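Undergrad: Structure incoming, see below.
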Amino acid sequence: MPGWDLLTGGLGAVLNFFYSILPAGVGSPRYGLAIIMLTLAVSLLMFPLTVKQTRSMKAMQEIQPEVKKLQKEYKEDRQELNAKLMELYKERGVNPAAGCLPMLVQMPIWFALFTVLRVSRDDIAAGNTGPIPAGSKLAEALKEGMTNFLGMDLQITPNTASGDGFVQLIPYLILILVVVGAGYFQSVQTMRRRKDDVATQTPQQQSMQNAMRFLPVLFGVFSWNFPTGLVLYFATSNVFRVGQQAYTLGLDAGGSAPASIETSAVEPDPKPISSGPSPNASKKKRNRRRRK
């Protein structure tokens with residue numbers, strides 16, 4: 001397909017560009033650094049979309065009191081409740097499905113990058129460079145096997161690396177843990193709610209929240225059989241988004257007050273102060289009169 005070839009060829013050309021501008025003295029890590037630079041370029045390109053998504057999900061939290069009010073008012077009419085919720089979302093400019101939008105947009109990039117990174121040294125030696133520009137510095141590096149990065153061969157899968165023993169597998173496992181950990185923290189950032197907001201979630205919101213928390217684990221499972229270069233892309237992208245969401249949500253400025261503070265009530269003093277004289281004071285006064 002022309003569109004697909006254009007996407008894969010474009011990613012191959014951009015990856016080769018980043019590889020070519022890195023100093024030759026970097027050595028084998030040069031390939032991994034080029035993948036990281038490509039990841040950051042894609043993340044910056046997606047920045048406006050992901051910022052909009054983060055703010056939309058934050059707005060979802062802010063309208064929870066109104067959602068709770070509608071749920072009480074239309075608890076007997078599910079159809080009318082959904083209609084009113086849609087009106088509220090439209091009025092406030094909130095998109096309940098915004099959390100999945102950046103992922104859906106990036107999916108073609110993931111598949112295209114998978115095609116780029118699966119080009120092996122044997123393919124290039126046979127004259128089949130695929131999306132990699134023929135005769136480029138990147139093609140020559142792949143042909144010579146210069147694809148090592150932090151103790152990993154970025155052209156093989158972690159599953160393949162497991163055959164070399166547990167010690168050699170450790171860097172691959174750490175990279176997968178970064179993918180899962182950073183991805184899960186993203187969902188915690190965007191789904192963070194006060195305790196009294198949990199009961200106001202619609203079934204659709206609860207399902208989406210569960211899916212967002214399950215996706216990082218799913219990516220970890222997939223990463224076991226993906227080229228390690230693609231796993232490096234996932235890890236870099238997830239770490240970048242953690243920082244981006246922290247900036248967008250203002251977490252570095254302290255954020256909102258903890259839920260325990262917001263929902264706690266001031267308990268009255270169990271021993272109210274009496275406005276009149278105490279019984280002991282009256283008794284002492286009578287004793288003094290008798291002595292006189």
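The values are calculated or read from the model by the stated rules, or taken from the named source; none is laboratory data. It should be emphasised that the depicted structure is a prediction, and the values quoted were computed from it without experimental measurement. Every residue, glycine among them, receives a Cβ derived from its backbone with ideal geometry; neighbour counts consider all protein chains shown.
Undergrad: Quick check on my filter: what residues within region 126-151 are surrounded by 12 or more Cβ atoms within 10 Å (Cβ to Cβ) and hydrophobic (A, V, I, L, M, F, W, C)?
TA: Ile132, Leu138, Ala139, Ala141, Leu142, Met146, Phe149, Leu150
Undergrad: Does Gly27 satisfy the condition of being more than 26 Å from the chain's Cα centre (by Cα), within 16 Å of Pro108 (Cβ to Cβ) and touching a residue at least 40 places away in the same chain (Cβ under 8 Å)?
TA: In short, no.
Undergrad: Specify the residue that is surrounded by the most Cβ atoms within 10 Å (Cβ to Cβ); the eligible residues are those in region 1-24 that are closer than 15 Å to Leu154 by Cβ and either in contact with a His (Cβ under 8 Å, 6 or more places away or on another chain) or free of Cβ contacts under 8 Å to residues at least 60 places away in the same chain (or both).
TA: Phe18
Undergrad: Inspect region 30-47 for any residue being modelled with pLDDT of 80 or more, of a type in the set (D, E, K, R) and in a helix (DSSP H, G or I) and give the result as yes or no.
TA: Yes; the residues of region 30-47 include at least one that is modelled with pLDDT of 80 or more, of a type in the set (D, E, K, R) and in a helix (DSSP H, G or I).
Undergrad: Sticking with this structure for a sec: State all residues of region 160-170 that are free of Cβ contacts under 8 Å to residues at least 40 places away in the same chain and in contact with a Pro (Cβ under 9 Å, 6 or more places away or on another chain); if no residue qualifies, say none.
TA: Within region 160-170, just Leu169 meets the criteria.
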